[in-house]
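The structure appears right after this line, and notes come after that.
Each value in this text was obtained by applying a stated rule to the coordinates, not by laboratory testing. No experiment lies behind these values; they were computed from the predicted model shown. Here the Cβ positions follow ideal geometry from the backbone for every residue, glycine too, while neighbour counts run over all protein chains shown.
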Amino acid sequence: MGGVKKIIGEDSISITESVIKVSIVIDLLKKNTAEHAKLNFDNIIIAVNGVDCSIMGGMDASIKDGDEVTVVSVVHGGGGGTAR
């Protein structure tokens, strides 16, 4: 989970429901992570089995038992340079 892993403090989390929406996973991360304020939830990519959830219905995408969910914070630099 990269930077997300550092904030959460775990390599992974387990969810007991057999089907859950991506939005619920985000809510669980927010509620169960003491330092969640450090994570910009508007600047993350969520993949389900390696596929960006934005093409699977976004926050309404369903996650089933056995699926692997990857949460990656998007880190990019901005240059002070001028585009030519």
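Some notes on this structure:
- Other-chain or far-sequence residues with amide H under 5 Å of Ile44's (modelled H): Val74
- Contour minus Cα-Cα distance for Glu17 and Ile45 (0.36 nm per residue): 7.9 nm
- Database remark: amide H of Ile63 closer than 5 angstrom to the amide H of Ile20, Lys21, Val22 (H placed geometrically; neighbours at sequence offset of 5 or more, or on other chains; Pro and chain starts carry no H).
- Between Leu28 and Ser54, the modelled labels are 2.4 nm apart [label points 7 Å from Cα along Cα→Cβ].
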